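The values are calculated or read from the model by the stated rules, or taken from the named source; none is laboratory data. What you are looking at is a predicted structure, and each value in this text was computed from that prediction instead of being measured. So basically every Cβ, Gly included, is an ideal-geometry build from the backbone, and we count neighbours across all protein chains shown. Heads up: the accessible areas ignore ligands, DNA and RNA and are worked out on the full protein's heavy atoms, side chains in. Shrake-Rupley method; radii C 1.70, N 1.55, O 1.52, S 1.80 Å.
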Amino acid sequence: MLHIEKPSACSGCGACRAACPVDAITMQADAEGFLYPVVDEAACVHCGKCVRICPVTNRWDLPATEMTAYAACTNDPQVRQNSSSGGIFTEIATYILEQNGVVFGAALGTDGVVEHIAVESVADLEKLRGSKYVQSVIGDTYVQAKTHLEAGRPVLFTGTPCQIAGLYSYLPKTYLDKGTPVLFTGTPCQVAAVNRVFGGKYEHLYTLDLVCHGVPSPLVWQKYVQFREKKAGAALQSAGFRHKQSGWKRFSMQMEFADGTRYTKPLSDDPYLQAFLRNYCLRPSCYDCAFKTKTRPADITLADYWGI
């Protein structure tokens with residue numbers, strides 16, 4: 001049965017919850033607002049799948065692979081203005097959608113909660129654009145992605161490196177050798193290595209992660225939203241964590257409220273951005289990240305090419 005000895009040993013990816021065959025695991029917030037798996041001991045059948053599937057417990061350690069780096073940005077100035085990392089996510093996601101695919105990513109709801117959702121139209125990609133400096137709730141998106149893949153639809157799954165590792169750990173791996181099905185089992189890092197070398201069952205799965213600074217507490221974010229709502233006297237409608245009003249490098253926090261008012265402050269003056277950039281409110285596992293390596297969990301890694 002899953003037992004987390006210390007907070008830094010869990011990234012909150014949710015793979016264990018998605019994989020539990022008897023739904024004995026729920027993700028519950030601790031005192032700092034971070035989600036951790038909690039096992040219902042009465043329902044648990046002690047199959048051990050949650051332990052075997054955890055990418056942090058087994059430490060993600062992919063073999064070194066040759067990588068290619070590209071510098072690029074979208075040609076659409078409006079998309080570039082409303083995006084991070086040059087708008088490349090939109091270009092990749094649009095291609096997947098044009099193939100009757102599904103795109104998964106983090107979206108900010110009007111309630112201030114950041115959670116992973118699926119979109120199936122180019123018009124809905126705006127929900128997924130831009131950085132969200134708060135840990136997103138994965139929910140059932142691993143399960144949804146598997147359903148679409150098994151239906152033969154292309155899937156682009158975007159997220160932090162630990163979330164991509166969680167997805168790969170959750171998905172079953174079936175390999176084909178001259179038409180003969182072969183089931184390969186092992187630790188997540190062993191399976192990932194085979195996945196990279198031979199290709200897995202889901203040939204239409206594409207993954208995209210980012211060079212991650214770390215994920216702040218959802219509770220800290222919610223308290224900040226409540227503080228700003230009280231100041232504005234109105235409910236939050238939307239937020240931009242890297243708004244370009246003050247420039248691309250000196251980005252701003254911008255929050256829009258139901259009464260039409262806005263709060264905009266550059267990163268040097270906004271307390272939430274300062275707490276994030278100074279590492280005051282990150283998840284404990286971020287300080288000992290299992291996925292901060294040169295060899296990435298995802299097919300493509302996005303980052304900003306500052307100073308190029």
If each DSSP helix of 4+ residues adds -39,500 (n - 2.57) and the sum is divided by the residues in the chain, what number results at 222 nm, nearest 500 deg cm²/dmol? -7000 deg cm²/dmol
Simple label model, 7 Å out from Cα along Cβ direction - THR26 to ALA9, nm: 2.3
May I have the pair-distance distribution P(r) for the chain, computed from all Cα-Cα distances with 10 Å bins from 0 and rounded to whole percent? 6, 26, 35, 24, 8, 1, 0
Can you give me the % of accessible surface on the chain that is carbon or sulfur? Probe 1.4 Å, all protein chains present, nothing else counted. 52
In square angstrom, what is the accessible area per residue of the chain with a 1.4 angstrom probe? 52
Provide the three semi-axes, in whole Å and in decreasing order, of the ellipsoid equivalent to the stretch 226-308 as defined by the square roots of 5 times the Cα gyration tensor eigenvalues. 29, 17, 13
antiparallel share of DSSP beta bridges within the stretch 54-157, to nearest 5, in %, is 60
Nearest-5 percent of antiparallel DSSP beta bridges in the chain? 70
Quick check: net charge around ALA118, other residues with Cβ under 14 Å of its Cβ, Lys/Arg +1 and Asp/Glu -1? -1
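Between SER121 and ILE300, what is the FRET efficiency for a Förster distance of 22 Å, r being their Cβ-Cβ separation, to the nearest 0.05?
Computed FRET efficiency for SER121 and ILE300 comes out at 0.50.
Let me know the shape class of the stretch 1-148, please: from the alpha-carbon gyration tensor, a ≥ b ≥ c as square roots of the eigenvalues, rounded when a/c is under 1.5, otherwise prolate if a/b is greater than b/c, or oblate. List each step's numbers first, then the result.
Working: a/c = 2.03, a/b = 1.79, b/c = 1.13.
In terms of gyration-tensor shape, prolate.
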May I ask you to derive the FRET efficiency for GLN81 and PHE227 from their Cβ-Cβ distance with R0 = 30 Å, giving the value to the nearest 0.05? 0.60
